[in-house]
1. Using beta carbons and a limit of 7 Å, which pairs, at least six apart or on different chains, have the first residue in the stretch 239-252 and assigned by TED's automatic domain parsing to the domain that holds PRO206 and the second one small (Gly, Ala, Ser)?
2. Read through the list (1) within 30 Å of LYS258 (Cβ to Cβ); (2) under 21 Å from the mean Cα position of the chain (by Cα), then give the number of the only condition that GLU305 fails.
3. Exactly one condition in (1) under 30 Å from ALA553 (Cα atoms); (2) surrounded by 15 or more Cβ atoms within 10 Å (Cβ to Cβ); (3) among the small types (Gly, Ala, Ser) is false for SER456; which is it?
4. Got a number for residues in the stretch 434-458 being in contact (Cβ under 8 Å) with a residue 12 or more places away in the chain and under 15 Å from ALA413 (Cα atoms)?
5. Could you pull out the residue among LYS363, LYS313, LYS398 that is basic (Lys, Arg) and within 30 Å of GLU281 (Cβ to Cβ)?
Amino acid sequence: MKVAVQQEDLQLLAKTLQEQLLVEVSTAEVFEVKCAVNKDELMILTQHASDVIIDAQLIFAVIEEVLQSLAPHREQRVQCFLRVFGEQLPYAKCFLVLKKTGRWEDEIGRAAGEAEESISYSSPLSSLTYFPSVDETQEEEPFDPFADASNLSASKPAFQIKPILLGATLVGIVVLGCGAYFLTRPCVMSECKEIQNAEQLKTKSPQLMHRAKSEKELIAIQQQLDAANAALNVIPSWSPRYQVSEELKASLSGRSEKINQVVKALQMESLAAQKVAFSLEELRARQHLWQQAIAPLETINSSSELYELVQGKLLNYRVHLHAINQQIFTEEKWLKKLTAAKAVASAAKNWEATAKSLNDWQKVQSTWLVAINALNSIPQTSAGYQEAEKLLKDYKPKLVAARDRATKEQLAAKTYQQVISTAKQAKVYQQKKQWLAAVTYWDQALQTAKKVSQDSLYYTQAQSLIEPYSVALKQAQEKLQVVSSLQQTRIDLDKTCINGIRICTFSIDNTRIIVRLTPEYDQIRQNNLANPYSENSNTVVDVTNHLQILREALAVIGDNANLSLFLYDSQGQVIYTRTLGG
């Protein structure tokens, strides 16, 4: 019967120590506390994983605090050990003596003084000596009082101990409520399934979270955590179990919240994948869903049980978000083109209303072309394609009209410039008194001016040139007629003044023709007059008749030229005159 009681006491003490370490030491979740009795000494073994950094002084201090809370009725020797899981020997230990007064005394002061590598720790209530390493001057006996897992709390026949610390003190604390430490711990007076279930779930939930591969599995774990958390709410605030329940609730809530973040992200991913986007607003809504899915996942760090699951999802989500971002960027680019095309078209309409020159109409044409080219570049996959097609139906006829008008104005401008150039050349020929060329160019300039299109901007300017060009043409024609007449007169005079010999010479000005007989002709005429009865008497008659014929011919030539005629002999004596009108 005593053995059974002692086993329960040892289990209770081990659980109490482990709970206190859980509260006082941040890494207590990796601890395992075992208690045993050997040769009337209480032995406490604390084990932990090899990758955990342990403060031995803090561990022993926590154990000391718990033991000090017990009021022993007699002196009790206690050995405490720290060991790494899987190792046979402890790497730190302390020997304590629990006095009846509740103070602990150092039992091995002499050993502590001899151990050069020992570490001493003192508290106001006790004096402990810890040995982090084995004394080189003393052989360490093999240590494994807890090797038999089934007898961790049991005592062998040699364990027929007296009602010592564990029996009298611990039971007294539970019954009488004298120990303040036990009064703050749950599940001492009776079973507490809510806390037991919560602790069990707290232990196994990290593994469940780590193994979860889907939203469904995570929701199932979250429901377990929430259910266990809700069950703890039945513990009232005045209960000695309340503090532990609050700590468990905080732990379970934290894990549930982490799961909730991931579940929400998965749900956002589902919505984003299902949402069909046709417009820029829909694309942005889908982008927002992917961002909402990514944001909570990015808060999960590498130490979280959900990290592996999250990383796989994050990569996939970021790829989808990048694709949506590219779609939005592309769609915004096409919408900007659509907006720009509308603005350019508006400018084209304004310039079209005020166009006053060929340059203006060419500018209108090129502006419409820019707007149409911008609309033609918008692909069918863009949300703005339909509107672009509608605008193209309106803009293309305007481009054709602007092109036709620009072509007409260009032709009119070319024709007008040709008029100006031809008239300029006519003036040059006129200055050179080349009246035939002047008449030709004036006539060409006049006819070209009449060809300028009536609905062109150059029509009015061309019309203003017709009257002065007509006057210039008439003047040139008159001059040409005069020149032509004089030229014919010269030709006629040349024919008249030569008849085998040069009979006469002539000069012409604007009012008269002056003809002079040559000395040779006068000599022949004088000789015949002086010797009328020579063998060649017929010559005199011929010369006299010829002079008469000459005068008549010259009179006709003067009349045709509408000029006065003056005939002189070689000595300058007037032989014959014929004036206009006489």
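1. Close Cβ pairs satisfying both conditions: LEU248/ALA198; LEU252/ALA198; LEU252/ALA228.
2. Of everything listed in (1) within 30 Å of LYS258 (Cβ to Cβ); (2) under 21 Å from the mean Cα position of the chain (by Cα), GLU305 misses just condition (2).
3. Tallying (1) under 30 Å from ALA553 (Cα atoms); (2) surrounded by 15 or more Cβ atoms within 10 Å (Cβ to Cβ); (3) among the small types (Gly, Ala, Ser), SER456 fails exactly one: (1).
4. Looking only at that region, the number is 11.
5. Of the residues listed, the single one that is basic (Lys, Arg) and within 30 Å of GLU281 (Cβ to Cβ) is LYS313.
The values are calculated or read from the model by the stated rules, or taken from the named source; none is laboratory data. These numbers come from a predicted model, not from an experiment. Here the Cβ is made from the backbone with ideal geometry for all residues, glycine too, and neighbour counts use every protein chain on show.
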